1. Of the conditions (1) among the β-branched types (Val, Ile, Thr); (2) within 18 Å of B:Glu50 (Cβ to Cβ); (3) within 9 Å of chain A (Cβ to nearest Cβ), B:Val105 satisfies every one except a single condition; which number is it?
2. Kindly indicate which of A:Asn105, A:Asn157 is at pLDDT below 80 and touching an Asp or Glu at 6+ places or on another chain (Cβ under 9 Å).
3. Residue check: is B:Asp124 away from chain A (no Cβ under 13 Å), over 22 Å from the mean Cα position of the chain (by Cα) and away from ligand 1 (no atom under 16 Å from the Cβ)?
4. Would you call B:Leu187 touching a Pro at 6+ places or on another chain (Cβ under 8 Å) and within 16 Å of ligand 2 (Cβ to nearest atom)?
5. Going by the structure shown, is B:Asp18 at pLDDT below 95 and surrounded by fewer than 22 Cβ atoms within 10 Å (Cβ to Cβ)?
6. Is it the case, given these coordinates, that B:Val153 is surrounded by 22 or more Cβ atoms within 10 Å (Cβ to Cβ) and within 9 Å of chain A (Cβ to nearest Cβ)?
7. Checking the conditions here, which among B:Gly54, B:Gly61 is more than 16 Å from ligand 2 (Cβ to nearest atom), within 14 Å of another protein chain (Cβ to nearest Cβ), open to solvent by 10 Å² or more (accessible area, probe 1.4 Å) and not aliphatic (A, V, I, L, M)?
8. Of the residues B:Gly24, B:Gly36, only one is in a strand (DSSP E or B), touching a residue at least 60 places away in the same chain (Cβ under 8 Å), open to solvent by 30 Å² or more (accessible area, probe 1.4 Å) and within 16 Å of ligand 1 (Cβ to nearest atom); which?
Amino acid sequence: MKISLIIAIATMKMYFRRSQSLFWSLFFPVVLMIGLGFYGFGEFSPSKLGIIDGAKNQYSKELIKAISEKKYIEIEINTREKFDKKVLEGKIDSVLVIPDNYNHNNEVKIILEFEESKEIISHSFEDTINSVIETIDSENVNNNTQKLSSKIQNNSNQGYKGFLVPGIVSLAIMQSGILGVVFTLISYKTQGVLRRLQATPISSAHFLIGQLASRLVIITIQTILLFIIGILVLNINIGQGSILAWVNILIFSLLGSILFLIIGLAISGASPNEDYAAPIANLITFPMMFLSGVFFENDVLPYWIKIIGQNLPLSPLVTGMRESSLYGTNTLELLPEVGVIILWIIVCFIIGIKTFKWE
Amino acid sequence: MTSKEIIRVEKLIKKYDDFIAVNGIDFSVNEGEIFGLLGPNGAGKTTTVEILEGIRTQTSGEALINGINVSKETKKVKEIIGVQLQQAAFFDKLTLVEIIEMFGVFYSVKIDAKSILGKVGLQDKFGSFYKPLSGGQKQRLSIAVALVNEPKVLFLDEPTTGLDPQARRNMWELIKNIRSEGKTIILTTHYMEEAEELCDRVAIIDTGKIITIDTPNNLILELLNSGFKGEHKIKEANLEDVFLNLTGKNLREN
Ligand SMILES: Nc1ncnc2c1ncn2[C@@H]1O[C@H](COP(=O)(O)OP(=O)(O)O)[C@@H](O)[C@H]1O
Ligand SMILES: [Mg+2]
């Protein structure tokens, strides 16, 4: 215990004494975050109207069909839950709520919900929908049964930034976890530091636990700093103001760090020198960077690539981080992601133990 | 000098795949001795001492240190020996004091890092990092680290290879001081004058076998008695003496 602790403290001291190391672990993520976030890459989708069809009868279908025939509106029919998230992500501009009792006989109230920042586009939706309603009413015996009212809500949507930041934070956890450990351990290995430790009575577990512990602290600091930069520079908000979201973020940060640190240990244990370690590390990290939903939802990928992407170790971390920071989803709902990460940890740990060599 | 045996090596064999690096070595070392393993590069010196240190495992044969079987109770042996490896390094961004203190924790001993560093002549370097040290300073740090646990036996694997004459002589003085504290020292070298200067007994080893073991004096006498004549007339001084006379014996580093 004391041995692991002193190794952890020494490792941290060395980390912070290399003045570049913290800088580089923050520099790339911040550049990506600010570059892509400000540019608003991904926000140029056409204006989109969400529809919650409460009635699901012939009348509501007729209404939806009439709206969808208007070429300049893209619509999506979905549930309240789904739209809550999509509005947060800025993927839906406003939501039209068709009540349960919608028909052409009684007076019914249809509601168009939107946030302040989407007022302009929503007013054009409003005009379109009103004209559709008028047409339907005019063809009907009971005139003027439908009323459209609008409901303006406070801004909660964060657009692409809110989607991007947790993705980048997860990516940074992977990079620091794998690359940090690989470069340190491989240099210890080639210089003979590990050999010298082998000549002392300490066990290799002491040393590895010390390494792991120090890097857990370093990556946790990195995660918090990156989110703070996201809040200050990109104006994102975390978990809709819920403190629990921060707890979730820390849980995922720790689990993700453990996972990628173990992958890093396994790579450095199996490689005799950096000529092996660097390509292996790149081979492992590169696909995850693009297939695990860091920069964009991987729905856009071809089916098979999407399936592969969803099953890579980074994916549950990205999902967990994003759910926590963007939606403030509670921990229980994220248990599947937690489970998958723990499963990966076990798998990588076993592979690592089997392939580890000190020289 | 007592003659209590502290190291015993019997029929030691080490194969790397098909290659036999150590081929049936036997020797024993007495407490308080400086015992030299002499031999050309590739003779099997490092392999032999690293088996004794518990870093490599032998293919067959036995090694005992202070009565403890090295391959069976490796951890116990590691606790009573000090090790200076031929190829090793320390954490580059730790200060020398931090390195010594860290190894103190590894051996669970309370130590005064500064006095240990002072003992090897690094008192001016407490706060500097490992990386910028000169070769001789790195070797002396390595010895300081090996002394942290007050070892009964100290292993020095080519401690003067690559050092300039001043640093080599300084290292010899240091080794003599450590011996005077009663520690047993196993020293490997391929410098004959070093063995002659320091070792009580030497084993000459080549291609994994010990050719002979005796005191340096006896080995020289034996050779002369066999009718050997040196190629040169014996001179009163050699070029190294000239070099040291001109450049002084003081250490040149910093
Ligand atoms: N890990 C190893 N794998 C294969 N061969 C080795 C290994 N270590 C040493 N050898 C070989 O064993 C022989 C003895 O090496 P070594 O013990 O280092 O000699 P010395 O220290 O006397 O120079 C050399 O031929 C060397 O190439
Ligand atoms: Mg050697």
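The values are calculated or read from the model by the stated rules, or taken from the named source; none is laboratory data. The structure presented is a predicted model; accordingly, all values stated were derived computationally and were not measured. When we count neighbours, we look across all protein chains shown, and the Cβ atoms used for this are built from the backbone with ideal geometry, even at glycine. These area figures cover heavy atoms from the full protein model, side chains too; ligands, DNA and RNA do not enter into them. Shrake-Rupley method; radii C 1.70, N 1.55, O 1.52, S 1.80 Å.
1. Among (1) among the β-branched types (Val, Ile, Thr); (2) within 18 Å of B:Glu50 (Cβ to Cβ); (3) within 9 Å of chain A (Cβ to nearest Cβ), B:Val105 violates only (2).
2. Result of the check over A:Asn105, A:Asn157: A:Asn157.
3. yes
4. yes
5. yes
6. No; evaluated as a whole, the condition is false for this residue.
7. None of the other options fit; the residue is B:Gly54.
8. After applying the criteria, what remains is B:Gly24.
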